[in-house]
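Beneath this line is the structure, given in structure tokens, with notes to follow.
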Amino acid sequence: MKNIFNIKLIYAAILGSILLSACEKDFLEITPTDRVSDAAILTDSTLFEAFVINRYLGVRLTNKEGDGSLPGFGRGFEYAMWSSLTDESIYNNDDNTWLIQQGQLSPENFGIAGTIWGRSYRSIREVNYALTNIEDLEMSESHKDLLKAELHFIRAYRYHDLIRNYGQVVLVGDMVSQLGEDFTDPSLFEKSSIQEGIDYAVSELDKAISVLPVEHSGSWQEGRATKGAAMGLKSRLLLYAASPLYTGGSSDTQKWATAAQAAQDVMDLGVYSLYPDYQELFLTDGSNSEYIFARYYNLNQLHTHLEIANGPNGYGGWGGNVPLQNLVDDYEMADGTEFSWNDPEKASDPYANRDPRFDQTILHNGSDYRGREVETFLPGGLDSPDGPSNWNTSKSGYYLRKFIDEELPIINPWGAAGTQNWIYIRYGEILLNYAEAQNEANGPDESVYSAINKIRVRAGMPELAAGLSQDEMREKIRHERRIELAFEEHRFYDVRRWMIANETANEPAQGIKITKDDNGDLTYELKTALDGRSFEEQHYWLPIPRSEILASDGQLEQNPGYN
């Protein structure tokens, strides 16, 4: 992929095209029929707006070069989700995830994490191009301001993705690659501090917030940034900025207070609320009260079919992102107490009377699914290693239920499934952002309890006990994020910003083996689902791909710990 750091290659390509046009002008004067020219975009306000809108979707590359099934602003609905780089799940058939789980990350060996740097700067360059040229268009000033606000939001989102993955990044300002610029200047590759990067992204969001509408006027504009989307992203960024990884391990009360206020600002908009049904939240056809920013299903775009990609083998599915016992054990009992294998009563029937979100998120032995019970027991279980299709049997003994629409078919060669929207920012996250930041700034006051208890009550769980200390509340909030936001691309970043990944990512990836005897009684035995999980200090940040370092003639500095 070419990006701002492949600048010498871009220069050579442009120079080569100039030379060719001088030598073979008549031969090359062919009007392309498969693309819109720059000249057309810059003279037609409708085409220009389409270009801006496409910045939400146009840069879609993540783990597979050219795979159009992927969402624009995150990983989301791929085959391998980023949950499978954490203690939430593993990807059953690897798909370039195991090397990250096993601590083998390097500048040449980065699995599904390798394209973030390139695609982000490519998108930033495209945004810069639009911002540079928008003033020349014939368009009302108010509409220009709206499009510029959207572009500032998109640029902030890209920097947010860069910062949370790489830490220190290069702030390229409004630069657009052009002939005549000196791309040998070392300052072009100089990294900002993490705080400078955060400050820049927040300033971009503030520009967007001042102009964007609270709501768009029609469903045809779904997926475009709103005031709430920009404020929600600001809330997330400022929460990160106050976290230990971003502050060098120190606690800055003012940073936490600023993050709490950013979340409060979203809450004060008064346009968002928790959707009443946790499982259905992810399956509604259009937006619902909890959506703040999302990618909407479009029939004309390729989508990963979640139903077959993550379905149990006995139903014709491929297994996919299979939940780990590490996550299963963290779901509380329905009365709010912890689950423990050391409690004989709980261990004898481990899936009974758990937090309702457990059954809404994870398929396990005995789950009612598509007209029958899931059978992962041995011998003979339909979804077990000796079932009818055992090449993709879950290595953990569990399958993903969250996001899966049982009304859609599993076998779907003509696009009849995979129609779910992907939510990037939702109100539940904002409440959890507020609870965490406010607790760190002021301790567990009434507003902290209120925010987290709204999440728990919606799920059907009891409210937290009164009288918790700040440390106790911190653990409760972290637990609630683990459960409420499971598989939504938060865990990878949460355990890093809290600086606990050296613990969670070094624990064995566990699953369950269930044996059924002749009397029908079940026994449960923990097993290893993936060998060799490993995490070292440098893994708190991703390595910059070696190709980017080489393209800068070594002027771009690699992240610490990666040779």
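Sparsely packed loop sites in the range 196-295 (the GluC sites (Glu not before Pro) outside DSSP H, G, I, E and B with at most 13 other Cβ atoms within 10 Å) comprise Glu215. Computed from Cα positions, the angle between helix 45-54 and the longest principal axis of the chain comes to roughly 40 degrees.
Normalised by the residues of the range 415-475, what does the relative contact order come to in percent, with Cα pairs under 8 Å and at least six apart? With pairs under 8 Å counted, the relative contact order is 31 percent.
Give me the compactness ratio for the range 412-563, meaning the Cα radius of gyration over 2.2 N^0.38 Å. Don't skip to the answer; put the middle values down first.
On the way: Rg = 21.3 Å, N = 152, 2.2 N^0.38 = 14.8 Å.
Cα-based Rg divided by the globular estimate yields 1.43.
Let me check against my output: what whole-number percent is the relative contact order of the range 291-367, with C-alpha pairs under 8 Å and at least 6 apart? Intermediate results must be reported in sequence, preceding the final value.
Details: 52 pairs, mean separation 12.7, N = 77.
Relative CO of the range 291-367 lands at 16 percent.
Applying D = kT/(6 pi eta Rh) to the chain, where Rh is the Kirkwood radius over alpha-carbon pairs, T corresponds to 10 °C and eta to 1.306 mPa s, the Stokes-Einstein value obtained is 63 µm²/s.
Counting other C-beta atoms within 10 Å, and keeping those with at most 13, which DSSP coil chymotrypsin sites (Phe, Trp or Tyr not before Pro) do you find in the range 474-563?
none
Here the range 475-563 yields Rg over Rh of 1.18, to two decimals, using C-alpha coordinates and the Kirkwood radius.
Take the eigenvalues of the Cα gyration tensor for the range 479-525, scale each by 5, and report the square roots as semi-axes in whole Å, largest first. Please list the in-between numbers first.
Details: eigenvalues 219, 36, 10 Å².
Result for the range 479-525: semi-axes of 33, 13, 7 Å.
Pull out a ≥ b ≥ c, the square roots of the eigenvalues of the alpha-carbon gyration tensor of the range 114-214, then state rounded if a/c is under 1.5, prolate if not and a/b is larger than b/c, and oblate in the remaining case. Oblate, since a/c reaches 1.5 and b/c is not below a/b. Helical content of the chain, expressed as a calculated mean residue ellipticity at 222 nm, amounts to -11500 deg cm²/dmol (DSSP H runs of 4 or more residues, -39,500 (n - 2.57) each, divided by residue number, nearest 500). Spacing of the modelled spin labels on Asn133 and Glu536, each 7 Å from Cα toward Cβ, amounts to 4.6 nm. When you filter the chymotrypsin sites (Phe, Trp or Tyr not before Pro) in the range 291-365 for DSSP loop state and at most 12 other Cβ atoms inside 10 Å of their Cβ, you are left with Trp341.
Which whole-number percent is the relative contact order of the chain (Cα, under 8 Å, 6+ apart)? Kindly include the intermediate steps, with their values, before the conclusion.
Details: 973 pairs, mean separation 107.1, N = 563.
Relative contact order for the chain comes out at 19 percent.
Once you've got the Cα coordinates, tell me which of Lys402/Lys516; Lys144/Lys227; Lys476/Lys513; Lys148/Lys227; Lys346/Lys527 are over 22 Å apart.
Details: Lys402/Lys516 27 Å; Lys144/Lys227 16 Å; Lys476/Lys513 30 Å; Lys148/Lys227 13 Å; Lys346/Lys527 18 Å.
From Lys402/Lys516; Lys144/Lys227; Lys476/Lys513; Lys148/Lys227; Lys346/Lys527, over 22 Å: Lys402/Lys516; Lys476/Lys513.
Measuring nothing but alpha carbons in the range 305-417 and taking Rh as the Kirkwood radius, the Rg to Rh ratio lands at 0.99.
Per residue, the chain exposes an accessible area of 40 Å² to a 1.4 Å probe, with every protein chain left in place. Quantify, in whole percent, the carbon and sulfur part of the accessible surface of the chain (1.4 Å probe; protein heavy atoms only). Roughly 50 percent, rounded to a whole number.
The values are calculated or read from the model by the stated rules, or taken from the named source; none is laboratory data. Note that this is a predicted model, so its numbers are computed, not measured. Note: ideal-geometry Cβ built from the backbone for every residue, glycine included; neighbour counts use all protein chains shown. Surface accessibility is based on the protein's heavy atoms, side chains included, excluding ligands, DNA and RNA. Shrake-Rupley method; radii C 1.70, N 1.55, O 1.52, S 1.80 Å.
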